[in-house]
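The values are calculated or read from the model by the stated rules, or taken from the named source; none is laboratory data. Predicted model only: the values in this text are computed from it and were never measured. In this analysis, Cβ positions are derived from the backbone assuming ideal geometry, glycine residues included, and neighbour counts consider all displayed protein chains. Just the protein is used for accessible areas: all its heavy atoms, side chains included, with ligands, DNA and RNA removed. Shrake-Rupley method; radii C 1.70, N 1.55, O 1.52, S 1.80 Å.
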There are 4 protein chains.
Amino acid sequence: MLKTPTIVLNVKTYAEATGVKALEIAQLMNKISDEIGASMAIAVQATDISRCVAEVKIPVFAEHIDPIVPGSHTGWTLPESVRDAGAVGTLINHSEHRLKLADIDFCVTRAKELNLDHIVCTNNISTSKAAAALSPNFIAVEPPELIGGDISVTTADPGIVSGSVKTVKDVDKNIKVLCGAGVKNGKDVGKAIELGAEGVLLASGIVKAKDKESVIRDLASGL
Amino acid sequence: MLKTPTIVLNVKTYAEATGVKALEIAQLMNKISDEIGASMAIAVQATDISRCVAEVKIPVFAEHIDPIVPGSHTGWTLPESVRDAGAVGTLINHSEHRLKLADIDFCVTRAKELNLDHIVCTNNISTSKAAAALSPNFIAVEPPELIGGDISVTTADPGIVSGSVKTVKDVDKNIKVLCGAGVKNGKDVGKAIELGAEGVLLASGIVKAKDKESVIRDLASGL
Amino acid sequence: MLKTPTIVLNVKTYAEATGVKALEIAQLMNKISDEIGASMAIAVQATDISRCVAEVKIPVFAEHIDPIVPGSHTGWTLPESVRDAGAVGTLINHSEHRLKLADIDFCVTRAKELNLDHIVCTNNISTSKAAAALSPNFIAVEPPELIGGDISVTTADPGIVSGSVKTVKDVDKNIKVLCGAGVKNGKDVGKAIELGAEGVLLASGIVKAKDKESVIRDLASGL
Amino acid sequence: MLKTPTIVLNVKTYAEATGVKALEIAQLMNKISDEIGASMAIAVQATDISRCVAEVKIPVFAEHIDPIVPGSHTGWTLPESVRDAGAVGTLINHSEHRLKLADIDFCVTRAKELNLDHIVCTNNISTSKAAAALSPNFIAVEPPELIGGDISVTTADPGIVSGSVKTVKDVDKNIKVLCGAGVKNGKDVGKAIELGAEGVLLASGIVKAKDKESVIRDLASGL
């Protein structure tokens with residue numbers, strides 16, 4: 001399982017992180033992770049999983065899986081296929097790709113059966129508690145209104161982080177809790193850990209940075 | 001552009017066509033296409049595009065693209081990404097992955113801008129006519145109730161094929177029309193051509209076959 | 001709040017329960033409820049709420065609310081509007097109308113703020129537990145594969161009923177638990193109560209019955 | 001069929017047009033329509049159809065119908081039900097409630113079979129042409145980016161109106177074309193007619209107006 005504390009990068013469908021550019025970011029994280037021993041993972045587009053897996057040792061995640069089993073499901077993302085391409089984990093129910101409750105349950109179950117790590121994203125304390133009822137590996141709480149913004153969730157709404165940690169651990173203490181939205185630097189990461197989170201999930205903070213290496217090193221300094 | 005008459009295989013998310021098995025089918029089609037000079041293309045899962053593209057010369061398609069531009073769209077299929085992975089075309093609006101009308105329009109426009117061949121799937125003559133209004137490369141008419149079944153659309157409902165061909169060509173004679181659903185052998189392909197179609201779109205007929213090579217050769221004999 | 005034990009009828013969009021026919025069923029339930037003092041409620045289509053409310057005293061529910069606030073949402077079901085039409089409660093996340101987790105949370109919150117009773121439907125024990133985390137009034141567990149069928153959930157899968165009751169009460173003992181799927185007669189209702197449920201949610205058992213009055217009386221005998 | 005030229009008001013789910021307030025606006029339009037002989041229709045929420053129909057003579061429309069037939073479809077909007085409640089027409093595929101192409105086709109077919117007028121909303125010339133292929137009664141072209149704004153489509157993008165009219169009439173001259181987005185006064189309505197449209201579809205221009213009567217009279221002056 002993904003070691004904690006950790007930094008998980010979601011590259012979304014940013015032009016700056018598609019194809020060879022996704023690979024370059026993965027390689028940069030791989031180098032730094034290797035150097036300083038920090039746990040880092042990267043979630044990439046389905047098209048880019050196999051290329052990244054072939055070149056880096058850090059865990060490569062899918063950004064999404066669909067609630068399906070093998071069969072007639074043209075163009076959907078089969079959990080078996082992301083694992084087959086080499087992904088060791090997946091995001092589930094990201095703010096930009098919400099799922100129905102029964103489908104989150106289905107995806108968590110499939111991920112467990114396929115030995116895929118799985119980070120279920122939530123938007124507040126009550127949905128974090130609901131997600132905890134499904135006993136996933138990880139829950140990442142991210143207030144949607146702060147995603148992609150300039151102020152870290154750890155500054156704008158520290159209570160949602162500490163509250164989610166407490167609530168989730170009360171349901172099942174084995175679930176790891178991450179937080180995300182607006183996370184940009186090592187100080188934000190440090191604050192997340194201080195609030196009880198076991199890592200962060202971020203995207204634009206790295207993907208949109210001019211000097212990605214400095215940003216990643218700074219983020220890692222907060223672990 | 002994909003040469004016609006053609007056979008387009010959609011491998012869906014069948015276990016028999018995921019990962020290395022998708023590649024094996026692509027290689028088989030590549031070998032036969034090379035040998036007999038028939039036009040064939042394969043649409044594979046997003047995770048498998050780059051692996052297939054690296055090994056075969058036949059056109060590799062995506063099974064789907066989402067109506068998005070680069071940006072914050074976690075886990076969706078970016079048109080640029082399937083092209084970047086090496087796909088030269090895509091299905092749009094497959095029966096198992098229907099899109100809103102405005103989104104089909106958006107995807108067709110993006111596919112054109114990215115020089116991706118694009119096959120818009122439809123379910124009857126009137127939606128074929130509507131799709132034709134968007135001037136895509138290809139329209140593939142497939143009655144949903146016959147998909148995956150044992151009787152070819154060319155036998156069960158030949159009028160939907162000839163009717164779609166006529167209606168589409170009346171709107172824009174440059175659009176190529178394929179048909180699909182239940183297509184299993186060379187006779188079905190021959191009948192499709194006879195009805196005015198410029199090829200077939202099929203899935204289980206090949207994917208579920210025990211002797212895939214014989215089936216592909218038989219299908220190709222109908223071109 | 002809806003008194004328990006209770007029988008909640010969901011008339012769906014059955015032809016046999018649209019318009020004046022919905023009203024006739026509501027009147028029948030009203031008469032029997034009045035006569036024997038049993039708690040019964042009816043969930044009707046949005047178009048039929050005001051007509052039923054005007055004629056019966058039993059609680060009238062909406063079948064669904066959408067996760068919206070007043071504004072630009074053409075054709076969606078505003079929680080305020082069903083209340084304004086006279087509904088005193090609503091189903092949320094029915095098997096035929098599933099919602100995203102964040103939207104269930106939103107709808108439960110809106111229902112509480114508007115003093116609408118709300119029955120969150122779930123499909124198994126783990127989603128019942130997840131729904132319980134949101135502290136709704138009611139949870140109704142219904143295995144989708146048994147809905148509309150001939151065998152009552154209380155016979156086909158009694159463990160899902162008792163398990164949901166136990167799990168939900170462990171999270172929040174104030175939440176009332178109903179069960180549904182295949183419920184047809186008083187014996188099924190009695191078994192539901194015996195398994196710890198505080199009532200049943202049903203549809204075709206009444207709507208498709210030739211002699212609705214007998215069926216309702218029989219069901220009520222099991223309370 | 002709804003007479004043209006016409007003004008169609010869509011009240012959406014605005015607080016200012018829910019329940020008795022929807023009825024008050026309908027009555028105001030009814031009074032003015034009666035006085036000056038102008039064709040006007042009002043599309044209201046499903047919950048409000050029967051109440052409006054009981055009190056006004058102008059045509060009452062639904063804001064939406066779902067692509068279903070009577071049966072097990074909890075909480076969806078059955079075409080039969082809006083007609084049964086007294087609606088004589090419906091919007092289909094509004095910008096805020098887009099449908100899949102095959103579902104627009106299905107809804108148009110159902111509306112015709114049920115003798116419901118139906119206004120298919122589109123977002124540009126190419127989707128207007130596609131919608132025309134389905135031969136609906138009415139097409140209303142509304143650029144989504146102008147909806148709810150201060151500048152009328154007739155000023156901001158007159159070419160989309162005249163272009164849609166021409167394209168639609170080329171496909172089927174019996175289809176009536178409306179336009180909408182930002183329409184606020186009689187001058188906008190006059191310009192719409194001048195561009196070839198047979199009326200307008202609007203919402204906030206009336207619903208959000210302080211003096212609704214003056215606005216309606218002014219709009220009608222442009223017919």
Next item on the list: Pull up the range C:105-129, narrow it to residues that are at the interface with another protein chain (Cβ under 8 Å from one of its Cβ atoms) and touching a Leu at 6+ places or on another chain (Cβ under 6 Å), then point me to the one that is surrounded by the most Cβ atoms within 10 Å (Cβ to Cβ).
Entry: C:THR127
Check: Scanning for something modelled with pLDDT under 95, within 14 Å of chain C (Cβ to nearest Cβ) and in contact with a helix residue (DSSP H, G or I) (Cβ under 7 Å, 6 or more places away or on another chain), does the range D:148-160 turn up at least one residue?
Finding: yes
Checklist line | Members of the range C:166-190 found to be more than 30 Å from C:GLU213 (Cβ to Cβ) and of a type in the set (D, E, K, R), listed by number | finding: C:LYS166, C:LYS169, C:ASP170, C:ASP172, C:LYS173
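Based on this model, can you work out whether B:ILE92 counts as without any contact (Cβ under 8 Å) to a residue 40 or more places away in the chain, closer than 25 Å to B:VAL60 by Cα and open to solvent by less than 10 Å² (accessible area, probe 1.4 Å)?
Details: without any contact (Cβ under 8 Å) to a residue 40 or more places away in the chain: no; closer than 25 Å to B:VAL60 by Cα: yes; open to solvent by less than 10 Å² (accessible area, probe 1.4 Å): yes.
No.
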Next item on the list: Quick one: count up the residues across the range D:98-132 that are free of Cβ contacts under 8 Å to residues at least 40 places away in the same chain and either of a type in the set (D, E, K, R) or within 18 Å of B:ARG98 (Cα to Cα) (or both).
Entry: 15
Margin query: As an exercise: evaluate B:PHE138 against (1) touching a helix residue (DSSP H, G or I) at 6+ places or on another chain (Cβ under 7 Å); (2) open to solvent by less than 10 Å² (accessible area, probe 1.4 Å) and give the number of the one condition it does not meet.
Written below: (1)
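May I ask you to say which residue of B:ASP188, B:ASP150, B:ASP157, B:ASP117 is closer than 28 Å to D:ASN123 by Cβ and of a type in the set (D, E, K, R)?
On the way: B:ASP188 fails: closer than 28 Å to D:ASN123 by Cβ; B:ASP150 fails: closer than 28 Å to D:ASN123 by Cβ; B:ASP157 fails: closer than 28 Å to D:ASN123 by Cβ.
Just one listed residue meets the conditions, B:ASP117.
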Checklist line | Single residue of C:ALA192, C:ALA156, C:ALA140, C:ALA111 found to be touching a His at 6+ places or on another chain (Cβ under 6 Å) and of a type in the set (Gly, Ala, Ser) | finding: C:ALA111
Note to self: Restricting to the range B:142-152, name every residue that is part of a helix (DSSP H, G or I) and either surrounded by fewer than 19 Cβ atoms within 10 Å (Cβ to Cβ) or on the phi > 0 side of the Ramachandran plot (or both).
What the structure shows: B:PRO144, B:GLU145
Notebook entry, point to check: In the set B:SER135, B:SER39, which member is more than 7 Å from chain A (Cβ to nearest Cβ), under 17 Å from the mean Cα position of the chain (by Cα), among the small types (Gly, Ala, Ser) and more than 25 Å from B:GLU213 (Cβ to Cβ)?
Noted result: B:SER135
Margin query: Looking at the range D:130-165 only, could you name the residues that are farther than 27 Å from D:ALA111 by Cβ and not hydroxyl-bearing (Ser, Thr, Tyr)?
Written below: D:GLU145, D:GLY149, D:ASP150, D:ILE151, D:ALA156, D:ASP157, D:PRO158, D:GLY159
Note to self: For the range C:57-69, check the following and say yes or no: at least one residue is within 16 Å of the chain's Cα centre (by Cα), in a helix (DSSP H, G or I) and either modelled with pLDDT of 95 or more or farther than 20 Å from C:ALA181 by Cβ (or both).
What the structure shows: no
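Can you pull out the residues in the range B:55-82 that are more than 9 Å from every other protein chain (Cβ to nearest Cβ) and of a type outside the set (A, V, I, L, M)? Write out each step before concluding.
Initial filter on the range B:55-82 (more than 9 Å from every other protein chain (Cβ to nearest Cβ)): B:55-61, B:67, B:79.
B:GLU55, B:LYS57, B:PRO59, B:PHE61, B:PRO67, B:PRO79, listed by residue number.
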Next item on the list: Taking only the range D:33-52 into account, find how many residues are in a helix (DSSP H, G or I) and touching a residue at least 12 places away in the same chain (Cβ under 8 Å).
Entry: 10
Next item on the list: Can you give me the number of residues within the range A:1-32 that are farther than 27 Å from B:GLY19 by Cβ, more than 14 Å from chain B (Cβ to nearest Cβ), assigned to a helix (DSSP H, G or I) and touching a residue at least 60 places away in the same chain (Cβ under 8 Å)?
Entry: 2
Next item on the list: Quick one: D:CYS52 ticks every box in (1) touching a strand residue (DSSP E or B) at 6+ places or on another chain (Cβ under 8 Å); (2) open to solvent by less than 10 Å² (accessible area, probe 1.4 Å); (3) at the interface with chain C (Cβ under 10 Å from one of its Cβ atoms) except a single one, so which number is it?
Entry: (3)
Next item on the list: List the number of the failed condition for D:LEU78; all other conditions in (1) free of Cβ contacts under 8 Å to residues at least 40 places away in the same chain; (2) surrounded by fewer than 20 Cβ atoms within 10 Å (Cβ to Cβ) hold.
Entry: (2)
